[in-house]
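The values are calculated or read from the model by the stated rules, or taken from the named source; none is laboratory data. The structure presented is a predicted model; accordingly, all values stated were derived computationally and were not measured. Virtual Cβ from ideal backbone geometry, glycine too; neighbours counted across all protein chains shown.
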Protein chains: 2
Amino acid sequence: MTVASIFEPIQADLYRVEERLEQVVEAAPVQMREQLSHGLMNGGKRIRPALTLLAGKFHDYNLELLIPMAASMELLHVATLIHDDTVDRADLRHGKMSINRVWGDSSAVLLGDYLFANSAYLAAEPKNLRVVTLFAQTLMTVCTGELEESVGPFNEDRDYYFQMIRNKTASLFATAAESGGVLSQAPEEVIQSLSSYGCSLGTAFQIVDDVLDFTSEEDVMGKPVASDLARGVYTLPVILFLQRPEGQEARELLRGDREGGVKAVAGMIRQSSVIAECYEVVREYCARACSAIESLPDTPVHDSLIRLADYIAERKG
Amino acid sequence: MTVASIFEPIQADLYRVEERLEQVVEAAPVQMREQLSHGLMNGGKRIRPALTLLAGKFHDYNLELLIPMAASMELLHVATLIHDDTVDRADLRHGKMSINRVWGDSSAVLLGDYLFANSAYLAAEPKNLRVVTLFAQTLMTVCTGELEESVGPFNEDRDYYFQMIRNKTASLFATAAESGGVLSQAPEEVIQSLSSYGCSLGTAFQIVDDVLDFTSEEDVMGKPVASDLARGVYTLPVILFLQRPEGQEARELLRGDREGGVKAVAGMIRQSSVIAECYEVVREYCARACSAIESLPDTPVHDSLIRLADYIAERKG
């Protein structure tokens with residue numbers, strides 16, 4: 001299963017979102033275009049903009065309103081990636097060198113800000129008060145999640161983890177879907193179903209991301225393995241592992257020689273059954289996502305949303 | 001003349017803006033509150049929020065709408081300061097250590113993002129589509145100005161300088177004033193007058209800032225002297241000086257030993273008449289600001305706006 005086949009009902013329109021992103025690059029000061037292009041044309045799968053478009057298909061599909069909003073969702077996402085990489089001193093992103101690695105931290109800060117600003121600008125373009133308010137709330141929520149991640153190292157609390165990923169990741173998925181519903185003037189219960197679908201899907205997506213940080217090869221993820229653990233950010237696999245009898249040994253390893261400890265614990269986690277347990281949780285969230293849209297009409301787009309949930313539960317990179 | 005006396009007609013309401021800013025600190029994750037408080041309670045004069053409140057006094061003064069917008073303007077301003085200091089590796093701000101200096105670049109990036117997000121959130125609170133759209137446009141304009149500053153070192157073009165300061169500084173002054181007009185449902189011509197006043201005032205404000213970077217003592221400005229020139233950013237005093245016969249010598253000094261060159265050229269500029277020339281330009285912009293609001297009723301608030309322009313032309317820090 002490829003995303004292209006899942007996005008088939010909106011593939012042509014997704015190209016128009018891509019064009020809008022290219023326009024953002026072209027409208028920037030000339031000296032920044034290469035960096036912007038590097039950041040934006042990053043081989044990302046455009047899941048968030050696709051969600052906005054798919055969600056818009058359940059009522060009055062209005063591309064002129066949906067395209068800027070879909071582009072806004074991707075820009076907000078990319079802006080957070082650029083600042084994240086700067087904050088984490090990450091060298092790689094999607095297998096390419098990160099903006100901060102190539103052009104330095106200062107450029108990355110300004111470029112991220114510029115993309116945040118562009119995302120706000122595009123979110124205002126449909127001239128819909130509810131959507132632009134939703135955007136502002138989501139920006140707040142995402143930034144709160146980023147702060148929570150940064151201030152909570154070595155936090156073994158499962159609830160804290162779920163709150164953090166809901167804020168930093170799931171909220172944007174929810175808004176991407178919800179705004180599609182609002183902009184197509186769907187009935188309120190449809191909008192709520194879409195939002196709830198997005199929230200569960202985004203939670204599943206982030207858990208898979210956190211599992212792949214352990215199980216994936218560096219060349220597949222395009223970033224070093226166990227990078228979160230190395231920064232002291234405890235994601236679901238770590239949290240589950242630390243609750244086990246072997247957890248105490250792992251805790252001591254992490255307290256001692258940092259680098260060696262991280263490597264050893266990452267290996268222990270990789271070979272344990274917590275990975276399978278995590279996928280169990282992922283499937284639960286994907287099932288919740290699908291059940292949230294149960295009452296929506298059985299169309300090819302509905303089918304795409306179901307398949308997207310399956311894809312996310314099984315993705316490898 | 002003190003700002004307190006100028007802001008007299010809205011001083012009590014400005015305290016309510018201050019309370020709103022304190023609420024932003026209190027609502028943040030607990031580990032970030034000290035940093036937020038350090039960044040927000042920075043001894044700033046709150047000129048931008050005051051502008052919003054004063055501008056709101058020309059029609060239906062509605063504090064419930066004006067307070068969040070005024071707070072939003074200050075948050076956007078402080079967010080740019082925090083990221084600016086990070087990008088410029090500045091150690092001081094308003095005579096205190098900068099956020100990046102005390103807590104590191106990573107914290108400063110996340111904190112600035114969080115304040116940008118809060119400013120967007122508060123700008124959406126009055127539920128006024130025009131104002132929230134104006135906010136998004138301004139965020140774009142300010143970030144464009146920041147990019148222009150970063151990509152244009154050693155630029156001697158006067159037009160480029162004016163475009164840059166209009167974008168990075170004057171646009172926010174204009175929006176602070178314009179949004180006050182919009183939220184008080186003032187007639188369109190009043191709104192335009194206020195916006196135009198803010199734009200000219202902000203331009204004057206930035207030129208004075210750029211002059212003070214040369215003429216002020218470090219303990220008054222609270223940051224090292226000639227810091228822009230040291231970064232290769234040519235502000236109006238430099239641009240005017242380089243156009244003179246002595247300009248060629250200065251250009252060569254700046255090309256040679258950087259640190260010594262900057263110090264020498266800063267000294268030459270300080271003792272030249274370009275400082276007086278800059279103040280001539282400042283007075284021109286202040287006069288433009290005042291003439292933009294000529295047709296507004298002659299009230300104590302109108303008087304405050306006139307006196308604010310005088311204050312800005314003469315401020316020393």
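Only one of the numbered conditions (1) within 8 Å of chain A (Cβ to nearest Cβ); (2) surrounded by fewer than 24 Cβ atoms within 10 Å (Cβ to Cβ) is not met by B:Pro187, and that is (1).
Can you say whether B:Ala287 is surrounded by 15 or more Cβ atoms within 10 Å (Cβ to Cβ), closer than 16 Å to B:Phe205 by Cα and among the small types (Gly, Ala, Ser), as far as the supplied structure shows? Here the answer is no, as B:Ala287 does not meet what is asked. Are any of the residues in region B:63-83 more than 9 Å from every other protein chain (Cβ to nearest Cβ) and more than 28 Å from B:Ser5 (Cα to Cα)? Yes, region B:63-83 contains at least one residue that is more than 9 Å from every other protein chain (Cβ to nearest Cβ) and more than 28 Å from B:Ser5 (Cα to Cα).
Among the residues in region A:171-182, are any hydroxyl-bearing (Ser, Thr, Tyr), over 23 Å from B:Leu129 (Cβ atoms) and either touching a residue at least 60 places away in the same chain (Cβ under 8 Å) or outside any helix (DSSP H, G or I) (or both)? Checked region A:171-182: no residue is hydroxyl-bearing (Ser, Thr, Tyr), over 23 Å from B:Leu129 (Cβ atoms) and either touching a residue at least 60 places away in the same chain (Cβ under 8 Å) or outside any helix (DSSP H, G or I) (or both). Taken over region B:87-107, the residue count meeting the criterion of being more than 14 Å from chain A (Cβ to nearest Cβ), among the aliphatic types (A, V, I, L, M) and within 18 Å of the chain's Cα centre (by Cα) is 1.
Within the option set B:Val87, B:Val17, B:Val109, being crowded, with 22+ Cβ neighbours inside 10 Å and without any contact (Cβ under 8 Å) to a residue 40 or more places away in the chain holds for one residue only, B:Val109. In region B:42-49, the count of residues that are within 13 Å of chain A (Cβ to nearest Cβ) and touching a residue at least 40 places away in the same chain (Cβ under 8 Å) is zero.
One line per residue, one yes/no per condition, for (1) surrounded by fewer than 24 Cβ atoms within 10 Å (Cβ to Cβ); (2) in contact with a Phe, Trp or Tyr (Cβ under 7 Å, 6 or more places away or on another chain); (3) farther than 30 Å from B:Leu66 by Cβ:
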site: B:Asn128; (1), (2), (3): yes, no, no
site: B:Leu134; (1), (2), (3): yes, no, no
site: B:Gln137; (1), (2), (3): yes, yes, no
site: B:Pro153; (1), (2), (3): yes, no, yes
site: B:Asp157; (1), (2), (3): yes, no, yes
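Looking at A:Leu134, A:Leu147, A:Leu129, just one residue is in contact with a Leu (Cβ under 7 Å, 6 or more places away or on another chain) and modelled with pLDDT of 95 or more, and that residue is A:Leu129. Among the residues in region B:115-125, are any more than 10 Å from chain A (Cβ to nearest Cβ), over 17 Å from A:His83 (Cα atoms) and without any contact (Cβ under 8 Å) to a residue 60 or more places away in the chain? Taking every residue of region B:115-125 in turn, none turns out to be more than 10 Å from chain A (Cβ to nearest Cβ), over 17 Å from A:His83 (Cα atoms) and without any contact (Cβ under 8 Å) to a residue 60 or more places away in the chain. Quick one: would you say B:Arg288 is basic (Lys, Arg) and either touching a Gly at 6+ places or on another chain (Cβ under 6 Å) or part of a helix (DSSP H, G or I) (or both)? Judged against the criteria, B:Arg288 is a match.
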